[in-house]
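**Q** Okay, here's the structure, questions in a sec.
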Amino acid sequence: MNWAMLFDAISLLFILPGSFMVFSAAVGAVRFGSTLARVHAITKPQTTGLLLMFVGTIIRLVSSPSFSVHERGDLGILVLLVLFALMTNPVTAQRLGRVARREGLYGSEDQLTRNDRPAAYHPRRVNPDAPAD
């Protein structure tokens with residue numbers, strides 16, 4: 001067994017779980033019903049899966065026998081993609097959660113706690129002894 005095969009196996013150990021996590025994020029986006037469940041299902045495994053796939057690709061790229069100037073450029077782009085994914089995915093999830101809270105896109109109100117209710121939600125106080133308006 002040579003070094004190239006060993007590095008290919010190591011990169012495969014990163015790429016396969018990463019691709020499974022990205023696939024599970026896509027299934028969660030289709031499967032879950034409420035907005036917050038979809039945001040949770042999309043952001044967490046997709047960020048982790050993308051990072052695992054990029055790490056596996058970087059390992060494969062660096063261990064290439066012909067690691068030349070072209071591969072160094074590819075390596076720089078992969079590092080920039082990792083940084084961009086780490087910066088944008090959490091911010092996007094936070095913004096989607098805030099819009100969902102403001103617009104009341106959580107689901108049925110029976111399943112919400114007091115802190116999860118939309119910002120404009122003001123429950124009516126029902127008093128059976130009060131005279132009718």
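The values are calculated or read from the model by the stated rules, or taken from the named source; none is laboratory data. What you see is a predicted model, and the numbers here were worked out from it, not measured in a lab. Every residue, glycine as well, gets a Cβ built from its backbone with ideal geometry; the counts of neighbours run over all protein chains shown.
**Q** Condition first: touching a residue at least 24 places away in the same chain (Cβ under 8 Å) and outside any helix (DSSP H, G or I). Now tell me which residues in the range 5-33 satisfy that.
**A** Listed by number, the list holds a single entry, Gly33.
**Q** Looking at Val27, Val39, Val99, which is the one that is modelled with pLDDT under 90, of a type in the set (Val, Ile, Thr) and surrounded by fewer than 16 Cβ atoms within 10 Å (Cβ to Cβ)?
**A** The conditions single out Val99.
**Q** Return the total of residues in the range 58-107 being among the hydroxyl-bearing types (Ser, Thr, Tyr), more than 13 Å from the chain's Cα centre (by Cα) and part of a helix (DSSP H, G or I).
**A** Counting residues in the range 58-107 that are among the hydroxyl-bearing types (Ser, Thr, Tyr), more than 13 Å from the chain's Cα centre (by Cα) and part of a helix (DSSP H, G or I) gives 0.
**Q** Go through the residues of the range 34-56 one by one and say whether even a single one is within 21 Å of Glu103 (Cβ to Cβ), outside any helix (DSSP H, G or I) and either more than 13 Å from the chain's Cα centre (by Cα) or of a type outside the set (Asp, Glu) (or both).
**A** The answer is yes, given that some residue of the range 34-56 is within 21 Å of Glu103 (Cβ to Cβ), outside any helix (DSSP H, G or I) and either more than 13 Å from the chain's Cα centre (by Cα) or of a type outside the set (Asp, Glu) (or both).
**Q** Within the range 44-86, take every residue that is surrounded by fewer than 18 Cβ atoms within 10 Å (Cβ to Cβ) and of a type in the set (Phe, Trp, Tyr) and give me the one that is farthest from Phe7 (Cα to Cα).
**A** Phe84
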